[in-house]
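Since the structure comes first, as structure tokens, the remarks are kept for the end.
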Amino acid sequence: MKKLSLTFDDGPSPPCTEALLAVLSYYSVPASFFMIGQRMLAQEPTIKRVEQAGHVIGNHTRTHRNLCGAPFEAIDHEINRWGQYFRPPGGHYDDGILEYLRLYNIQLVMWDVDGLDWKLKTADEIVEHLTAQIGSLDDDSGIILLHDGDSEDLNGNRWATVEAADRIITSYRARGFEFVPLCEMTLPRKKWLRGT
Ligand SMILES: [Zn+2]
């Protein structure tokens, strides 16, 4: 089955989060936003709009800290027992983190397709990078990683991501792909749960 699930990390970060919401709403596409706790504090209106649109809000830690090797108390402080889904900052996790997630019934969510949009500067580059990976997905099914949050390298510029998301939705729908929420993807993946 041809299906893709869009995920956006490091927000909320209006106005780009809001611009993405407009794109997703235009195409009626569900997505997941893995937000950083300390960025959520000042962004209640945006968070409300994400929720009202029916998107999933996932946990991306309180301060975007790499928790590998961290003691339970530190993991607990950063993940804070909330959310259905967790994405570790930088994709770094170990057995301690997996144990914590199991304890609080939180699902680890990594990705299959990486937009590298924290590094690539134009929508063309991001779309090209995504397209190559989507083309080689095992079962035509994958979770796409993009970022609506600030990037120090790009001075918070996320407009390339917004445009890339729009183009990916348009072109893959035309090729018969369906954009689905995370709950319609096969999770958990065994390869993620082995730890590192
Ligand atoms: Zn991140």
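Worth pointing out:
- In this simple spin-label model, placing a label point 7 Å from the Cα along the Cα-to-Cβ direction at both residue 38 and residue 194 gives a separation of 3.4 nm.
- Using C-alpha pairs below 8 Å separated by at least 6 residues, the relative contact order for the stretch 3-193 is 30 percent.
- Helix 159-174 and the longest principal axis of the C-alpha atoms of the chain enclose an angle of approximately 70°.
- Under 5 Å between amide hydrogens, built in the peptide plane, is the criterion, and for residue 31 it picks out 56 among residues at least 5 positions away or on other chains.
- Evaluated over the stretch 41-196, the Cα radius of gyration and Dmax, each in Å: 16.3, 48
- Highest to lowest packing among 65-75, 93-103, scored as the average C-beta count within 10 Å: 93-103, 65-75
- Label point distance in nm, residue 68-residue 178, each placed 7 Å from Cα along Cα→Cβ: 3.7
- 0 to 90° range, to nearest 10: angle between helix 123-134 axis and the chain longest Cα axis: 70
- Considering helices alone, the calculated mean residue ellipticity of the chain at 222 nm is -11000 deg cm²/dmol, with DSSP H runs of length four and up weighted by -39500 (n - 2.57) and normalised per residue.
Coordinate-derived values only; no laboratory data. Everything quoted here is computed from the prediction, not taken from an experiment. All Cβ positions, even for glycine, are placed from backbone atoms using ideal geometry, and neighbour counts span all protein chains on display.
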